[in-house]
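Here is the structure we will look at.
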Amino acid sequence: MTIKIGVRGHDMGKNTPEGLYNDLVSYGFDGIQLVLNKALIDNPQLEENTLKKVAEGFKSDKKIMLLGSYFNPIHSDKQKVAEGLERFSTQLKYAHLFDCEFVASETGSFNDDQWTYHPNNHKKETIDYVTSVFKSLVTIAEQYNKTVLIEAAYGHVAYSPSVLNDMIRTINSSNVGAIIDVYNLLNISNYHQHVDLLKEALLLMKDKIKVFHLKDFIVENDKLVQVGLGKGLMKYHEILPLMVKSNPDAYYVFEGVKKEDLQSSLAFIRSILKN
């Protein structure tokens, strides 16, 4: 069984499409999570000819696993919301140029650009509203035969596996799926329960999980701080086999891993997969 391991592009550093491809080859990743405006030196216009040229910089042996088009659907600046929706919709339209099925976002926060916990984030009316926003995007995805991926995080609107599952089941389409980022579901009170949170996500959403984000962390001054994989508290020898057994065809993507930790993190994950 060959698991596809990718990396968020801008964690390797901003570059040209050709440079990003070469970095993927150098590190040994199978593919990339591409956030166009963050990963590319020249932020490309979201129009067909420009995006065709970007796509041509990648060769077929390295997969563009997903396009990140993260936006905050409950931002107080409605112009920013409109721009985020437009950008997401446009990337659904042109994802085929990258031979890419997935366009993804998190679910936002009332704290605007901070994307941090706000008590109103977790209210039912907020969850219902954000579900309706993603449902509108899924309707567009259905037109282009693409899939909207929704990612949960404790401080955001979809703050738990059960809330994310409810959103996805309410949308009720084959064109919506989940990203599971165990680290994002954690806080200072529940980080000891990260294995159980993963098990809950797998139980509820096995058929909908298309991507796992791989991160690790330590606790400093009562805060969770991300570190290289294998250098923290995440029980990867326990959780990675659970992920692979449940969803072997998912993409496994490093996100937020520092450039200097990429090689050791990849070696660590591959060492577990060999066992």
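The table below gives the values:
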read-out: Candidates G31, G19 - the one that is open to solvent by less than 20 Å² (accessible area, probe 1.4 Å), small (G, A, S) and either farther than 23 Å from A178 by Cα or modelled with pLDDT under 95 (or both); value: G19
read-out: Test result for K93, under 20 Å from K52 (Cα atoms), surrounded by fewer than 19 Cβ atoms within 10 Å (Cβ to Cβ) and in contact with a helix residue (DSSP H, G or I) (Cβ under 7 Å, 6 or more places away or on another chain); value: yes
read-out: Test: F217 is within 18 Å of the chain's Cα centre (by Cα), at pLDDT 95 or above, open to solvent by less than 40 Å² (accessible area, probe 1.4 Å) and within 14 Å of G6 (Cβ to Cβ); value: no
read-out: Residues within the range 60-86 that are under 20 Å from the mean Cα position of the chain (by Cα), not in a helix (DSSP H, G or I) and not charged (D, E, K, R), tallied; value: 12
read-out: Considering residues of the range 208-222 that are in a strand (DSSP E or B) and among the acidic types (D, E) only, the residue nearest to Q33 (Cα to Cα); value: D216
read-out: Any chance E106 is open to solvent by 20 Å² or more (accessible area, probe 1.4 Å), closer than 30 Å to T50 by Cα and touching a strand residue (DSSP E or B) at 6+ places or on another chain (Cβ under 6 Å); value: yes
read-out: Checking V225 against (1) in a strand (DSSP E or B); (2) touching a residue at least 24 places away in the same chain (Cβ under 8 Å), the condition it does not meet; value: (2)
read-out: Failed item in (1) at pLDDT 95 or above; (2) surrounded by fewer than 19 Cβ atoms within 10 Å (Cβ to Cβ); (3) of a type outside the set (S, T, N, Q), with K274 passing the rest; value: (1)
read-out: The range 59-73 residues that are at negative phi, paired with ones that are outside any loop (DSSP other than H, G, I, E, B) and among the acidic types (D, E) (beta carbon under 6 Å, 6 or more apart); value: Y70/E106
read-out: T107 modelled with pLDDT of 95 or more, touching a Leu at 6+ places or on another chain (Cβ under 6 Å) and not basic (K, R); value: no
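The values are calculated or read from the model by the stated rules, or taken from the named source; none is laboratory data. Note that the structure is a prediction, hence the values are computed from the model and not measured. Note that we place each Cβ from the backbone using ideal geometry, even for glycine, and neighbour counts take in every protein chain shown. Note: areas computed on protein heavy atoms with side chains; ligands, DNA, RNA excluded. Shrake-Rupley method; radii C 1.70, N 1.55, O 1.52, S 1.80 Å.
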